[in-house]
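FYI, it's all coordinate maths here, none of it is from the lab. Just so we're clear, the structure is a prediction, and the values are computed from it rather than from any experiment. Heads up, the Cβs are rebuilt from the backbone with ideal geometry, glycines too, and the neighbour counts pull from every protein chain shown.
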Amino acid sequence: MTTDRTELYREFGDERLPPGQRETDGFPVLSKSGTPSLRRDDWRLEVYGAVEEPLGVDFEAFTDLPTETQKQDFHCVTGWSKFDCEFTGVTFPTLAEAVGVDDDAVHVLFHAADGYSTNLPLADCLRDEVLFAYAYDGEPLPADHGGPVRVVTPHKYAYKGAKWVTGVEFLTEPQRGYWEQRGYSTTANPWAEERYS
Ligand SMILES: Nc1nc2c(c(=O)[nH]1)N[C@H]1C(S)=C(S)[C@@H](COP(=O)(O)O)O[C@H]1N2
Ligand SMILES: [Mo]
């Protein structure tokens, strides 16, 4: 069963296509420094920081968690949007529940195998459409798009979704990630055109 999450824009604006974006048919690849080679067998996800019980999982233990398939839109801050992407994965709230987030956690920093990182306020992560995705259109997530596992954030510009994600760090105060340190927005709401800050 696929949950349609393409309507979530109604929470943020009148138009499905955020201002200043154009729709693309293809699925461009955008990476700061190429595709790291990371096989499912070598991949691990560490969840740590301001949590009750840190968690480390390999691919098998990760996919033992409840998973779901969602249809979502994808908005790159450079101006392209791709509609109707079908991602399968574990939701952020599912993972948060597994570790038990501390009361004083307010922020999240995602870490990736290519040295990338990206940050979001905790409240922006605790949403069912924030997926740790391992499949795209029913196939294993292609390496260029972040396989074995990436994060997707359809309510935010796509730089909030770390490809090749390996770490989720819960923080008691904000900390900026790779693009955020270079002037991109922490909150990154596409319908408010929060591109820079
Ligand atoms: N690890 C990692 N994640 C990343 C990036 C990156 O360079 N490294 N680029 C981000 C940017 S700017 C975008 S638009 C999307 C692009 O995802 P795609 O290549 O699947 O289109 O991934 C985001 N996640
Ligand atoms: Mo991007």
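Below is a table of values for the structure above.
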read-out: Within region 28-45, considering residues that are surrounded by 15 or more Cβ atoms within 10 Å (Cβ to Cβ) and in a loop (DSSP other than H, G, I, E, B), the one farthest from ligand 1 (Cβ to nearest atom); value: R40
read-out: Hits in region 168-194 - residues which are charged (D, E, K, R), within 15 Å of ligand 1 (Cβ to nearest atom) and either in contact with an Asp or Glu (Cβ under 8 Å, 6 or more places away or on another chain) or in a loop (DSSP other than H, G, I, E, B) (or both); value: R176, R182, E194
read-out: Filtered residues of region 52-99 (kept if in a loop (DSSP other than H, G, I, E, B) and either over 18 Å from K160 (Cβ atoms) or touching a Phe, Trp or Tyr at 6+ places or on another chain (Cβ under 7 Å) (or both)); value: E52, E53, P54, D64, L65, P66, T67, C76, V77
read-out: Identity of the residue in region 155-187, among the charged types (D, E, K, R) and surrounded by fewer than 18 Cβ atoms within 10 Å (Cβ to Cβ), that ends up farthest from Y116 (Cα to Cα); value: E173
read-out: Residues that are closer than 17 Å to S81 by Cα and crowded, with 23+ Cβ neighbours inside 10 Å, drawn from region 134-154; value: V151, V152, T153, P154
read-out: Selected residue (only one of A105, A133, A162 is under 25 Å from D64 (Cβ atoms), assigned to a loop (DSSP other than H, G, I, E, B), under 11 Å from the mean Cα position of the chain (by Cα) and of a type in the set (A, V, I, L, M, F, W, C)); value: A162
